[in-house]
1. Take a quick pass over the chain and tell me how many lysine pairs come in under 30 angstrom between Cα atoms, counting only ones 8 or more apart or on separate chains.
2. Do any GluC sites (Glu not before Pro) in the stretch 136-238 lie in a loop, going by DSSP, with at most 13 other beta-carbon atoms within 10 Å of their beta carbon, and if so which?
3. For the stretch 172-269, what does the relative contact order come out to in percent, with C-alpha contacts under 8 Å and a separation of six or more?
4. GluC sites (Glu not before Pro), restricted to the stretch 7-36: which are DSSP loop and have at most 11 other Cβ atoms within 10 Å?
5. For every other residue with a beta carbon closer than 10 angstrom to the beta carbon of residue 31, add +1 if it is Lys or Arg and -1 if Asp or Glu, then tell me the sum.
6. Which shape class applies to the stretch 116-262: rounded if a/c is under 1.5, otherwise prolate when a/b exceeds b/c and oblate if not, where a ≥ b ≥ c are the square roots of the Cα gyration tensor eigenvalues?
7. Looking at the chain, send over the antiparallel percent of its DSSP beta bridges, to the nearest 5.
8. Using a 1.4 Å probe on the protein chains only, how many percent of the accessible area of the stretch 1-152 belongs to carbon and sulfur?
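The values are calculated or read from the model by the stated rules, or taken from the named source; none is laboratory data. The shown structure was predicted, so the numbers you read here are calculated from the model rather than taken from an experiment. So basically every Cβ, Gly included, is an ideal-geometry build from the backbone, and we count neighbours across all protein chains shown. SASA here: full protein model, heavy atoms, side chains in, ligands and nucleic acids out. Shrake-Rupley method; radii C 1.70, N 1.55, O 1.52, S 1.80 Å.
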Amino acid sequence: SIQRQHETIDHIKQGLEQGEFVLYYQPKVNLKSGALIGAEALIRWQHPKRGLLYPGDFLSIIENHPISVKLGEWVIDSALLQISKWQSLGLNIPVSINIDAFHLQQADFVDKLSATLARHPMIKPSSLQLEILESSALGDMAEVLTIMAACIDIGVNFALDDFGTGFSSLNYLKRLPVELLKIDQSFVRDMLEDADDRAIVMGVIGLASAFNHQVIAEGVESIEHGRQLLAMGCHCAQGYGIARPMSGEDIVTWAAQWQPDPAWLTSLH
Ligand code: C2E
Ligand code: MG
Ligand code: MG
């Protein structure tokens, strides 16, 4: 297993040098207004032998290894490049990237982030959102809070990803300065059949509102999901029912033609 890890790390280093990594982007929309409110960057590895690999195929192997920081830095840089490409085409949308806890907690994280942003002066730092898993904050709460505050100082904001799958601690929710809660896709996917999952979704929407956070549902796979989310007061969504993750170029054509389902437009909420 250790040998496999070493091999993977070497291959990732090579892959980074040879430009084998790509970011796909999944649109985030307002179901009711039809507005494209942003996109989430999702990493893919165009492996020369194994084909297109998903994060689940390689990220866990490099967890807590310095190469995961290198890869994370590449993600931030590429997302900013994409934002500027979109800007030059008249598409102004924020991008969220998934940030690994180990990367976020590097001593020079904020300095490097500032330096990267400084290399893209045309991009407002508020166009970048960092998605953290609830568990990211558990390690050293005080340290993470300091880092988050420093990021917010330079204009970068946070989302809490996969909310509901971790400890869902109200104490953390109270203290973490996040702008957005992302309801985990497992609850959203099953909420049409499972009353408990529906209750969880409703609960998270209520929590978000109580703590003054925005809320978005992940894993919206059908029109009915969107309809029920709207009825529960959740207007923002992301999922295969809206769009699958796609290349940065494809986002431009997608954005020009996407229209919300008529069933969503007529929602009373
Ligand atoms: P996530 O951040 O919760 O991202 C959502 C995942 O759900 C993505 O899988 C996306 O393709 C998938 N998804 C979106 N809509 C639907 C839907 O309607 N139904 C279903 N079944 N799935 C949907 P992906 O791209 O395989 O990413 C998996 C996870 O890997 C992400 O979960 C995120 O935690 C992590 N990840 C992705 N890119 C990066 C990255 O650049 N850096 C780090 N550290 N982690 C990343
Ligand atoms: Mg995410
Ligand atoms: Mg998620």
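1. Lysine pair count for the chain: 29.
2. Filter output for the stretch 136-238: 193.
3. Reported as a whole number, the value is 26 percent.
4. Listed in order of number, the matching sites amount to none.
5. After counting each charged neighbour, the total is +1.
6. Note, shape of the stretch 116-262 comes out oblate.
7. 40 percent
8. About 55 percent, which is the carbon plus sulfur part of the accessible surface.
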